[in-house]
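Colleague: Questions regarding the structure given below will be posed in turn.
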Amino acid sequence: MQPFEFYAPTQIVFGPETQLQTARQILAYGGSRVLVVYGGQSAVKSGLLDQILDNLRQSDLPYEVLGGVRPNPHLELAREGVQKALDFHADFVLAVGGGSVIDTAKAIADGAANPDVDIWDFWLRKAPLTRALPVGVVLTISAAGSECSDSAVLTRDDTLEKRGLSTVFHRPRFAIMNPELTFTLPKYQVSCGIVDIMMHTLDRYFNPVTNNELTDEIAQGLLRCTIKNGRQALAQEKDYQSMSELMWAGTISHNGLTGLGNRQDFAPHQLGHELSAKFDVAHGASLSAIWDSWARYCVDTNPSRFAQYGVQVWGLDPNGKEEKELALAAIDATADYFRSLGMPTCLSELGCGVLSEEVLEDLAFRCAFRGTRTIGTFKVLDQQDILSIYRMANH
Ligand code: NZQ
Ligand code: ZN
(Lines give C-alpha, C1' and ligand atoms only; values in the text may rest on other atoms or scores of the structure.)
(Ligands and ions follow the chains in the order given, each with its own letter.)
Protein backbone atom coordinates (compact mmCIF):
# COMPACT_ATOMS: atom_id res chain seq x y z
CA MET A 1 0.00 0.00 0.00
CA GLN A 2 1.31 3.44 -0.94
CA PRO A 3 1.41 6.42 1.47
CA PHE A 4 -1.43 8.93 1.14
CA GLU A 5 -3.29 11.78 2.80
CA PHE A 6 -7.08 11.98 2.70
CA TYR A 7 -9.21 14.91 3.82
CA ALA A 8 -12.81 15.02 2.58
CA PRO A 9 -14.61 17.13 5.16
CA THR A 10 -17.95 17.76 3.42
CA GLN A 11 -21.01 16.88 5.49
CA ILE A 12 -23.42 14.72 3.47
CA VAL A 13 -27.15 15.05 4.08
CA PHE A 14 -28.69 12.33 1.92
CA GLY A 15 -32.32 11.36 1.30
CA PRO A 16 -35.83 12.56 0.41
CA GLU A 17 -36.82 16.11 1.40
CA THR A 18 -33.32 16.92 2.66
CA GLN A 19 -33.41 20.23 0.76
CA LEU A 20 -35.66 21.45 3.59
CA GLN A 21 -32.58 21.36 5.84
CA THR A 22 -30.69 23.93 3.76
CA ALA A 23 -31.10 26.91 6.08
CA ARG A 24 -30.27 24.81 9.12
CA GLN A 25 -27.02 23.68 7.53
CA ILE A 26 -26.03 27.19 6.45
CA LEU A 27 -26.58 28.47 9.98
CA ALA A 28 -24.60 25.55 11.42
CA TYR A 29 -21.65 26.57 9.26
CA GLY A 30 -21.85 30.21 10.28
CA GLY A 31 -23.60 31.69 7.25
CA SER A 32 -25.70 34.81 7.86
CA ARG A 33 -25.97 36.41 4.38
CA VAL A 34 -26.28 34.01 1.46
CA LEU A 35 -25.62 34.30 -2.25
CA VAL A 36 -27.72 31.59 -3.95
CA VAL A 37 -26.31 30.46 -7.31
CA TYR A 38 -28.34 28.45 -9.83
CA GLY A 39 -28.37 27.48 -13.50
CA GLY A 40 -30.57 28.03 -16.54
CA GLN A 41 -34.11 26.86 -15.96
CA SER A 42 -34.37 23.49 -14.25
CA ALA A 43 -34.33 24.65 -10.61
CA VAL A 44 -36.89 27.35 -11.36
CA LYS A 45 -39.20 25.06 -13.36
CA SER A 46 -39.16 22.25 -10.81
CA GLY A 47 -39.99 24.65 -7.98
CA LEU A 48 -36.78 23.72 -6.14
CA LEU A 49 -35.41 27.26 -6.12
CA ASP A 50 -38.62 28.64 -4.60
CA GLN A 51 -38.57 25.91 -2.01
CA ILE A 52 -35.00 26.77 -1.01
CA LEU A 53 -35.62 30.51 -0.89
CA ASP A 54 -38.70 29.92 1.21
CA ASN A 55 -36.62 27.78 3.54
CA LEU A 56 -34.08 30.61 3.93
CA ARG A 57 -36.85 33.15 4.59
CA GLN A 58 -38.34 30.94 7.29
CA SER A 59 -34.99 31.05 9.07
CA ASP A 60 -34.64 34.82 8.57
CA LEU A 61 -31.57 34.32 6.41
CA PRO A 62 -31.08 37.27 4.05
CA TYR A 63 -30.19 36.17 0.51
CA GLU A 64 -29.36 37.45 -2.95
CA VAL A 65 -29.63 35.30 -6.10
CA LEU A 66 -27.48 34.79 -9.17
CA GLY A 67 -28.97 32.63 -11.94
CA GLY A 68 -27.99 31.82 -15.50
CA VAL A 69 -25.00 29.52 -15.00
CA ARG A 70 -24.49 27.55 -18.22
CA PRO A 71 -22.89 24.12 -18.63
CA ASN A 72 -19.10 24.47 -19.02
CA PRO A 73 -19.47 27.57 -16.83
CA HIS A 74 -17.88 30.81 -17.88
CA LEU A 75 -15.43 32.94 -15.99
CA GLU A 76 -17.41 36.11 -16.80
CA LEU A 77 -20.49 35.06 -14.83
CA ALA A 78 -18.29 34.02 -11.90
CA ARG A 79 -16.70 37.47 -11.94
CA GLU A 80 -20.19 39.02 -11.96
CA GLY A 81 -21.04 36.79 -9.01
CA VAL A 82 -18.01 37.99 -7.06
CA GLN A 83 -19.20 41.59 -7.43
CA LYS A 84 -22.71 40.61 -6.41
CA ALA A 85 -21.42 38.76 -3.34
CA LEU A 86 -19.31 41.79 -2.35
CA ASP A 87 -22.16 44.29 -2.87
CA PHE A 88 -24.45 42.11 -0.77
CA HIS A 89 -21.78 41.43 1.90
CA ALA A 90 -22.42 37.71 1.49
CA ASP A 91 -20.62 35.43 3.90
CA PHE A 92 -21.87 32.14 2.43
CA VAL A 93 -22.38 30.88 -1.13
CA LEU A 94 -25.08 28.27 -1.81
CA ALA A 95 -25.05 26.31 -5.08
CA VAL A 96 -28.36 24.83 -6.26
CA GLY A 97 -27.54 22.66 -9.25
CA GLY A 98 -24.83 20.48 -10.79
CA GLY A 99 -21.12 20.76 -11.46
CA SER A 100 -21.39 23.97 -13.45
CA VAL A 101 -23.33 25.79 -10.74
CA ILE A 102 -21.18 24.39 -7.93
CA ASP A 103 -17.94 25.33 -9.68
CA THR A 104 -19.24 28.86 -10.29
CA ALA A 105 -20.17 29.09 -6.60
CA LYS A 106 -16.67 27.95 -5.61
CA ALA A 107 -15.10 30.57 -7.86
CA ILE A 108 -17.35 33.28 -6.43
CA ALA A 109 -16.40 32.16 -2.91
CA ASP A 110 -12.71 32.50 -3.85
CA GLY A 111 -13.18 35.95 -5.36
CA ALA A 112 -15.39 37.36 -2.63
CA ALA A 113 -12.83 36.44 0.04
CA ASN A 114 -10.03 38.04 -2.03
CA PRO A 115 -11.54 41.19 -3.57
CA ASP A 116 -8.16 42.48 -4.75
CA VAL A 117 -7.35 39.45 -6.91
CA ASP A 118 -8.93 38.57 -10.25
CA ILE A 119 -10.15 34.97 -9.86
CA TRP A 120 -8.52 33.81 -13.10
CA ASP A 121 -5.14 34.49 -11.48
CA PHE A 122 -5.93 31.69 -9.03
CA TRP A 123 -6.71 29.36 -11.94
CA LEU A 124 -3.45 30.33 -13.67
CA ARG A 125 -1.56 29.78 -10.38
CA LYS A 126 -0.35 33.38 -10.56
CA ALA A 127 -1.84 34.08 -7.12
CA PRO A 128 -1.99 31.53 -4.28
CA LEU A 129 -5.47 30.91 -2.85
CA THR A 130 -5.30 31.13 0.93
CA ARG A 131 -8.94 31.73 1.89
CA ALA A 132 -12.47 31.46 0.48
CA LEU A 133 -16.02 31.93 1.69
CA PRO A 134 -17.78 28.73 2.77
CA VAL A 135 -19.86 26.98 0.09
CA GLY A 136 -22.87 24.69 0.51
CA VAL A 137 -24.55 22.57 -2.16
CA VAL A 138 -28.04 21.35 -3.01
CA LEU A 139 -27.25 18.79 -5.72
CA THR A 140 -29.57 18.27 -8.71
CA ILE A 141 -27.54 15.98 -11.00
CA SER A 142 -25.28 13.00 -10.33
CA ALA A 143 -22.18 13.53 -12.43
CA ALA A 144 -19.27 15.87 -11.69
CA GLY A 145 -18.84 15.05 -8.01
CA SER A 146 -18.08 18.71 -7.33
CA GLU A 147 -20.35 18.53 -4.26
CA CYS A 148 -17.44 16.96 -2.37
CA SER A 149 -14.43 17.42 -4.64
CA ASP A 150 -11.56 19.86 -4.13
CA SER A 151 -11.82 21.05 -7.70
CA ALA A 152 -13.60 23.71 -9.77
CA VAL A 153 -13.49 24.02 -13.56
CA LEU A 154 -14.07 27.27 -15.46
CA THR A 155 -13.98 28.23 -19.14
CA ARG A 156 -12.66 31.58 -20.28
CA ASP A 157 -14.82 32.79 -23.20
CA ASP A 158 -12.30 34.93 -25.08
CA THR A 159 -9.48 32.38 -25.18
CA LEU A 160 -11.60 29.20 -24.94
CA GLU A 161 -9.39 27.85 -22.16
CA LYS A 162 -11.05 25.35 -19.83
CA ARG A 163 -9.05 24.98 -16.64
CA GLY A 164 -9.48 23.31 -13.26
CA LEU A 165 -8.23 24.43 -9.87
CA SER A 166 -7.86 21.92 -7.05
CA THR A 167 -7.48 23.27 -3.53
CA VAL A 168 -8.70 22.34 -0.08
CA PHE A 169 -10.75 25.57 -0.11
CA HIS A 170 -12.95 24.04 -2.83
CA ARG A 171 -14.36 21.33 -0.56
CA PRO A 172 -17.94 22.40 0.19
CA ARG A 173 -19.03 22.53 3.86
CA PHE A 174 -22.14 20.44 3.18
CA ALA A 175 -23.86 18.67 0.31
CA ILE A 176 -27.60 18.11 0.40
CA MET A 177 -28.34 15.10 -1.78
CA ASN A 178 -31.95 14.16 -2.48
CA PRO A 179 -32.04 11.67 -5.39
CA GLU A 180 -35.63 12.71 -6.16
CA LEU A 181 -34.28 16.08 -7.32
CA THR A 182 -32.67 14.25 -10.26
CA PHE A 183 -36.00 12.84 -11.52
CA THR A 184 -36.48 15.83 -13.86
CA LEU A 185 -33.18 15.20 -15.70
CA PRO A 186 -33.35 14.50 -19.44
CA LYS A 187 -32.02 11.01 -20.31
CA TYR A 188 -29.06 12.57 -22.12
CA GLN A 189 -27.89 14.28 -18.92
CA VAL A 190 -28.36 11.06 -16.93
CA SER A 191 -26.12 9.30 -19.48
CA CYS A 192 -23.51 12.06 -19.42
CA GLY A 193 -23.49 11.75 -15.65
CA ILE A 194 -22.99 7.98 -15.72
CA VAL A 195 -19.98 8.40 -18.02
CA ASP A 196 -18.48 11.12 -15.83
CA ILE A 197 -18.95 9.06 -12.66
CA MET A 198 -17.18 6.09 -14.30
CA MET A 199 -14.42 8.29 -15.69
CA HIS A 200 -13.56 9.85 -12.32
CA THR A 201 -12.70 6.37 -11.10
CA LEU A 202 -11.19 5.10 -14.38
CA ASP A 203 -8.91 8.15 -14.56
CA ARG A 204 -7.58 7.11 -11.15
CA TYR A 205 -7.62 3.33 -11.72
CA PHE A 206 -5.31 3.49 -14.74
CA ASN A 207 -2.12 4.74 -13.12
CA PRO A 208 1.42 3.44 -12.62
CA VAL A 209 0.88 2.14 -9.06
CA THR A 210 -0.65 -1.31 -8.72
CA ASN A 211 -0.31 -2.39 -5.10
CA ASN A 212 -3.25 -0.63 -3.46
CA GLU A 213 -5.57 -3.58 -3.11
CA LEU A 214 -8.37 -1.97 -1.10
CA THR A 215 -8.38 1.11 -3.32
CA ASP A 216 -8.67 -1.18 -6.36
CA GLU A 217 -11.54 -3.12 -4.78
CA ILE A 218 -13.41 0.11 -3.97
CA ALA A 219 -12.85 1.36 -7.52
CA GLN A 220 -13.98 -1.89 -9.14
CA GLY A 221 -17.05 -2.10 -6.91
CA LEU A 222 -18.00 1.48 -7.67
CA LEU A 223 -17.67 0.85 -11.40
CA ARG A 224 -19.80 -2.33 -11.28
CA CYS A 225 -22.46 -0.55 -9.24
CA THR A 226 -22.53 2.48 -11.57
CA ILE A 227 -22.77 0.31 -14.70
CA LYS A 228 -25.65 -1.74 -13.27
CA ASN A 229 -27.62 1.17 -11.86
CA GLY A 230 -26.94 3.27 -14.93
CA ARG A 231 -28.76 0.66 -17.02
CA GLN A 232 -31.63 0.56 -14.53
CA ALA A 233 -31.93 4.37 -14.31
CA LEU A 234 -32.30 4.65 -18.07
CA ALA A 235 -34.70 1.71 -18.33
CA GLN A 236 -37.08 3.06 -15.69
CA GLU A 237 -37.72 6.75 -15.15
CA LYS A 238 -37.88 8.19 -11.64
CA ASP A 239 -36.46 5.04 -10.12
CA TYR A 240 -35.37 6.08 -6.62
CA GLN A 241 -33.18 3.06 -5.99
CA SER A 242 -30.96 3.43 -9.08
CA MET A 243 -30.88 7.24 -8.94
CA SER A 244 -29.78 7.12 -5.32
CA GLU A 245 -26.99 4.65 -6.09
CA LEU A 246 -25.81 6.90 -8.92
CA MET A 247 -25.90 9.96 -6.69
CA TRP A 248 -23.76 8.38 -4.01
CA ALA A 249 -21.41 6.83 -6.60
CA GLY A 250 -20.96 10.29 -8.18
CA THR A 251 -19.78 11.70 -4.87
CA ILE A 252 -17.50 8.82 -3.90
CA SER A 253 -16.02 8.62 -7.39
CA HIS A 254 -14.58 12.11 -7.18
CA ASN A 255 -13.93 12.76 -3.48
CA GLY A 256 -10.56 10.99 -3.79
CA LEU A 257 -11.44 7.62 -2.24
CA THR A 258 -11.19 5.54 -5.42
CA GLY A 259 -7.62 6.65 -6.06
CA LEU A 260 -6.03 6.74 -2.61
CA GLY A 261 -2.35 5.94 -2.76
CA ASN A 262 -2.35 6.09 -6.54
CA ARG A 263 -0.90 8.66 -8.88
CA GLN A 264 -4.04 9.74 -10.67
CA ASP A 265 -3.87 9.91 -14.46
CA PHE A 266 -6.73 12.15 -15.66
CA ALA A 267 -5.40 12.35 -19.24
CA PRO A 268 -8.85 11.58 -20.74
CA HIS A 269 -10.27 14.47 -18.72
CA GLN A 270 -7.62 16.84 -20.08
CA LEU A 271 -8.26 15.62 -23.64
CA GLY A 272 -12.01 16.05 -23.11
CA HIS A 273 -11.71 19.56 -21.64
CA GLU A 274 -10.24 20.85 -24.92
CA LEU A 275 -13.22 19.41 -26.82
CA SER A 276 -15.69 21.00 -24.38
CA ALA A 277 -13.89 24.33 -24.53
CA LYS A 278 -13.80 24.45 -28.33
CA PHE A 279 -17.18 22.91 -29.19
CA ASP A 280 -19.16 23.55 -25.98
CA VAL A 281 -20.14 19.88 -25.73
CA ALA A 282 -21.33 18.25 -22.50
CA HIS A 283 -18.47 17.15 -20.25
CA GLY A 284 -19.56 13.49 -20.01
CA ALA A 285 -19.94 13.23 -23.80
CA SER A 286 -16.46 14.67 -24.34
CA LEU A 287 -15.04 11.91 -22.12
CA SER A 288 -16.77 8.93 -23.78
CA ALA A 289 -15.81 10.35 -27.20
CA ILE A 290 -12.11 10.22 -26.36
CA TRP A 291 -11.73 7.33 -23.88
CA ASP A 292 -11.80 4.52 -26.44
CA SER A 293 -8.93 6.10 -28.42
CA TRP A 294 -6.98 6.92 -25.27
CA ALA A 295 -7.34 3.31 -24.06
CA ARG A 296 -6.26 1.75 -27.37
CA TYR A 297 -3.30 4.13 -27.58
CA CYS A 298 -2.18 3.33 -24.02
CA VAL A 299 -3.11 -0.35 -23.63
CA ASP A 300 0.39 -1.72 -24.31
CA THR A 301 1.79 0.30 -21.40
CA ASN A 302 0.20 -2.21 -19.02
CA PRO A 303 -2.18 -4.72 -20.67
CA SER A 304 -2.55 -6.65 -17.42
CA ARG A 305 -4.19 -3.61 -15.77
CA PHE A 306 -6.78 -3.48 -18.53
CA ALA A 307 -7.21 -7.27 -18.26
CA GLN A 308 -7.83 -6.95 -14.50
CA TYR A 309 -10.39 -4.24 -15.21
CA GLY A 310 -12.10 -6.53 -17.75
CA VAL A 311 -12.31 -9.47 -15.37
CA GLN A 312 -13.23 -7.55 -12.20
CA VAL A 313 -15.57 -4.95 -13.65
CA TRP A 314 -17.01 -6.50 -16.81
CA GLY A 315 -16.95 -10.13 -15.64
CA LEU A 316 -14.82 -11.35 -18.56
CA ASP A 317 -13.76 -14.99 -18.31
CA PRO A 318 -9.94 -15.09 -18.19
CA ASN A 319 -9.67 -18.84 -18.92
CA GLY A 320 -7.59 -19.62 -21.96
CA LYS A 321 -7.16 -15.96 -22.91
CA GLU A 322 -4.01 -13.91 -23.42
CA GLU A 323 -3.70 -10.73 -21.36
CA LYS A 324 -3.82 -8.49 -24.43
CA GLU A 325 -6.96 -10.22 -25.72
CA LEU A 326 -8.69 -9.62 -22.38
CA ALA A 327 -7.47 -6.02 -22.32
CA LEU A 328 -8.95 -5.29 -25.74
CA ALA A 329 -12.20 -7.04 -24.78
CA ALA A 330 -12.41 -4.77 -21.72
CA ILE A 331 -12.03 -1.68 -23.91
CA ASP A 332 -14.70 -3.05 -26.29
CA ALA A 333 -17.06 -3.69 -23.36
CA THR A 334 -16.62 -0.11 -22.12
CA ALA A 335 -17.27 1.40 -25.56
CA ASP A 336 -20.31 -0.86 -26.08
CA TYR A 337 -21.70 0.27 -22.74
CA PHE A 338 -21.18 3.95 -23.58
CA ARG A 339 -22.99 3.35 -26.91
CA SER A 340 -25.85 1.62 -25.08
CA LEU A 341 -26.26 4.84 -23.05
CA GLY A 342 -26.46 6.83 -26.29
CA MET A 343 -23.03 8.34 -25.64
CA PRO A 344 -20.47 9.07 -28.39
CA THR A 345 -17.27 7.03 -28.74
CA CYS A 346 -15.62 9.16 -31.45
CA LEU A 347 -15.56 12.80 -32.54
CA SER A 348 -18.20 12.64 -35.28
CA GLU A 349 -20.65 11.04 -32.82
CA LEU A 350 -19.85 13.89 -30.44
CA GLY A 351 -21.39 16.24 -32.98
CA CYS A 352 -18.33 18.20 -34.06
CA GLY A 353 -17.96 16.31 -37.35
CA VAL A 354 -14.70 14.91 -38.70
CA LEU A 355 -12.09 17.56 -37.97
CA SER A 356 -9.32 18.91 -40.19
CA GLU A 357 -5.68 18.22 -39.35
CA GLU A 358 -5.29 21.91 -38.51
CA VAL A 359 -8.02 21.74 -35.86
CA LEU A 360 -6.57 18.54 -34.38
CA GLU A 361 -3.16 20.19 -34.12
CA ASP A 362 -4.68 23.19 -32.41
CA LEU A 363 -6.48 20.93 -29.90
CA ALA A 364 -3.21 19.10 -29.14
CA PHE A 365 -1.29 22.38 -28.83
CA ARG A 366 -3.84 23.72 -26.37
CA CYS A 367 -4.06 20.48 -24.39
CA ALA A 368 -0.27 20.49 -24.01
CA PHE A 369 -0.53 24.11 -22.78
CA ARG A 370 1.35 25.35 -25.85
CA GLY A 371 3.91 22.60 -25.59
CA THR A 372 4.75 23.28 -21.94
CA ARG A 373 3.25 20.22 -20.24
CA THR A 374 2.64 16.52 -20.54
CA ILE A 375 -0.57 14.88 -19.32
CA GLY A 376 -1.28 11.55 -17.64
CA THR A 377 0.68 9.19 -15.43
CA PHE A 378 -0.38 5.71 -16.67
CA LYS A 379 1.35 6.64 -19.89
CA VAL A 380 2.86 10.10 -19.93
CA LEU A 381 1.58 11.85 -23.06
CA ASP A 382 3.32 14.72 -24.82
CA GLN A 383 1.86 16.96 -27.52
CA GLN A 384 2.61 14.40 -30.25
CA ASP A 385 0.90 11.59 -28.30
CA ILE A 386 -2.07 13.87 -27.65
CA LEU A 387 -2.32 14.62 -31.37
CA SER A 388 -2.19 10.89 -32.17
CA ILE A 389 -5.11 10.21 -29.81
CA TYR A 390 -7.22 13.03 -31.28
CA ARG A 391 -6.44 11.60 -34.74
CA MET A 392 -7.54 8.11 -33.64
CA ALA A 393 -10.86 9.52 -32.38
CA ASN A 394 -11.40 11.58 -35.53
CA HIS A 395 -13.95 9.48 -37.40
O1 NZQ B 1 -28.92 24.94 -16.20
P2 NZQ B 1 -30.09 24.07 -15.85
O3 NZQ B 1 -31.37 24.54 -16.42
O4 NZQ B 1 -30.17 23.76 -14.38
O5 NZQ B 1 -29.84 22.67 -16.64
C6 NZQ B 1 -28.78 21.80 -16.33
C7 NZQ B 1 -27.75 21.74 -17.47
O8 NZQ B 1 -28.34 22.04 -18.70
C9 NZQ B 1 -29.31 20.40 -16.32
N10 NZQ B 1 -29.81 19.97 -15.02
C11 NZQ B 1 -29.14 19.89 -13.85
N12 NZQ B 1 -29.94 19.38 -12.90
C13 NZQ B 1 -31.14 19.15 -13.48
C14 NZQ B 1 -31.06 19.54 -14.83
N15 NZQ B 1 -32.11 19.43 -15.68
C16 NZQ B 1 -33.26 18.93 -15.20
N17 NZQ B 1 -33.39 18.51 -13.91
C18 NZQ B 1 -32.35 18.60 -13.03
N19 NZQ B 1 -32.50 18.14 -11.78
O20 NZQ B 1 -28.21 19.57 -16.66
C21 NZQ B 1 -27.35 20.29 -17.53
C22 NZQ B 1 -25.91 20.04 -17.11
O23 NZQ B 1 -25.65 20.65 -15.87
P24 NZQ B 1 -24.13 20.76 -15.35
O25 NZQ B 1 -24.13 21.40 -14.03
O26 NZQ B 1 -23.31 21.35 -16.44
O27 NZQ B 1 -23.74 19.19 -15.24
P28 NZQ B 1 -22.57 18.48 -14.54
O29 NZQ B 1 -22.88 18.21 -13.12
O30 NZQ B 1 -22.23 17.34 -15.42
O31 NZQ B 1 -21.35 19.53 -14.52
C32 NZQ B 1 -20.49 19.66 -15.63
C33 NZQ B 1 -19.43 20.68 -15.34
O34 NZQ B 1 -18.64 20.26 -14.20
C35 NZQ B 1 -17.25 20.19 -14.58
C36 NZQ B 1 -17.33 19.88 -16.05
O37 NZQ B 1 -16.12 20.13 -16.72
C38 NZQ B 1 -18.45 20.81 -16.50
O39 NZQ B 1 -17.99 22.12 -16.65
N40 NZQ B 1 -16.55 19.23 -13.73
C41 NZQ B 1 -16.32 19.62 -12.47
C42 NZQ B 1 -15.60 18.81 -11.59
C43 NZQ B 1 -15.33 19.24 -10.22
N44 NZQ B 1 -15.60 20.48 -9.88
O45 NZQ B 1 -14.83 18.47 -9.39
C46 NZQ B 1 -15.04 17.52 -12.01
C47 NZQ B 1 -15.54 17.03 -13.34
O48 NZQ B 1 -14.57 16.19 -13.92
C49 NZQ B 1 -15.90 18.09 -14.31
O50 NZQ B 1 -14.75 18.56 -15.02
ZN1 ZN C 1 -15.40 14.68 -14.99
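Colleague: For the pair residue 117 and residue 166, what calculated FRET efficiency results from E = 1/(1 + (r/R0)^6), where r is the Cβ-Cβ distance and R0 = 25 Å, to the nearest 0.05?
Modeller: 0.90
Colleague: Any idea of the accessible area per residue across the stretch 37-167, 1.4 Å probe, to the nearest Å²?
Modeller: Averaged over the residues of the stretch 37-167, the accessible area is 38 Å².
Colleague: Cα to Cα, under 12 Å, and not fewer than 8 places away if on the same chain: which aspartates and glutamates meet these conditions relative to residue 238?
Modeller: 180
Colleague: Whose amide H sits under 5 Å from the amide H of residue 12, counting only residues 5 or more places off or on another chain, with H placed in the peptide plane?
Modeller: Residues meeting the criterion, in which the H sits 1.01 Å from N, are 175.
Colleague: May I pose another question? List the lysines whose Cα lies under 30 Å from the Cα of residue 162, skipping any in the same chain that are fewer than 8 positions away.
Modeller: The reachable lysines, counting only those whose Cα sits under 30 Å from residue 162, are 45, 84, 106, 126, 187, 278, 379.
Colleague: A follow-up question, please. The stretch 211-273 to the stretch 80-103: how many Å between their Cα centroids?
Modeller: What the calculation gives is 28 Å, centre to centre.
Colleague: Where Lys and Arg each count +1 and Asp and Glu each count -1, what net charge lies around residue 171 among other residues with Cβ under 15 Å from its Cβ?
Modeller: -2
Colleague: What number, in percent, do you get for the relative contact order of the chain if the mean sequence gap of Cα pairs under 8 Å and at least 6 apart is divided by its residue count?
Modeller: The value is 15 percent.
Colleague: Round to the nearest 0.05 the FRET efficiency obtained for residue 27 and residue 5 when R0 = 25 Å and r is the Cβ-Cβ distance.
Modeller: Result of the calculation: an efficiency of 0.25.
Colleague: Can you give me the angle between helix 240-254 and the longest principal axis of the chain, using Cα atoms only, in degrees from 0 to 90, rounded to the nearest 10?
Modeller: Tilt relative to the chain: about 80 degrees.
Colleague: Tell me the angle of helix 357-367 to the major Cα principal axis of the chain, expressed in degrees between 0 and 90 and rounded to the nearest ten.
Modeller: 60 degrees
Colleague: Excluding residue 64 itself, what net charge comes from residues whose Cβ is under 14 Å from its Cβ, given Lys and Arg +1 and Asp and Glu -1?
Modeller: Within the 14 Å Cβ shell, the charges total 0.
Colleague: For the pair residue 304 and residue 384, how long in nm is the line joining their label points, each one 7 Å along Cα→Cβ?
Modeller: For residue 304 paired with residue 384, the spin-label model returns 2.9 nm.
Colleague: In whole angstrom, how far apart do the alpha carbon centroids of the stretch 342-364 and the stretch 126-149 sit?
Modeller: 30 Å
Colleague: I'd like the trypsin sites (Lys or Arg not before Pro) in the stretch 288-395 restricted to DSSP loop residues with at most 12 other Cβ atoms within 10 Å, sorted by number.
Modeller: Hits after loop and neighbour filter: 370, 373.
Colleague: Tell me, what % of the accessible area of the chain is carbon and sulfur with a 1.4 angstrom probe?
Modeller: After summing per-atom areas, the C and S share lands at 49 percent.
Colleague: Something else: Is the stretch 1-148 best put as rounded, prolate or oblate by its Cα gyration tensor, with a ≥ b ≥ c the root eigenvalues, rounded for a/c under 1.5, and otherwise prolate when a/b is larger than b/c, oblate when not?
Modeller: Because its axes are fairly even, with a/c under 1.5, the stretch 1-148 counts as rounded.
Colleague: Let me ask you something else. Got a sec? Charge dipole of the chain, +1 on Cβ for Lys and Arg, -1 for Asp and Glu; which of 268, 377, 145 is way out at the positive end?
Modeller: Comparing the listed Cα positions along the dipole, 145 ranks first.
Colleague: Further question on the same structure: Label 7 Å along Cα→Cβ of residue 130; the stretch 159-175 residues with amide nitrogen under 15 Å?
Modeller: Taking a point 7 Å out along Cα→Cβ of residue 130, the residues of the stretch 159-175 whose backbone N falls under 15 Å are 169.
Colleague: Near residue 144, within a Cβ-to-Cβ distance under 10 Å, what is the net charge of the other residues, with Lys and Arg +1 and Asp and Glu -1?
Modeller: -3
Colleague: Once the Cα atoms of helix 383-393 and of the chain are each reduced to a long axis, what angle between those two axes, in degrees from 0 to 90 to the nearest 10, is obtained?
Modeller: Relative to the chain, helix 383-393 is tipped by roughly 80 degrees.
The values are calculated or read from the model by the stated rules, or taken from the named source; none is laboratory data. From a predicted model like this one, the values you see are computed outputs, not experimental measurements. Reconstructed Cβ throughout: ideal geometry from the backbone, glycine too, with neighbour counts over all protein chains shown. Accessible surface areas use protein heavy atoms only, side chains included; no ligands, DNA or RNA. Shrake-Rupley method; radii C 1.70, N 1.55, O 1.52, S 1.80 Å.
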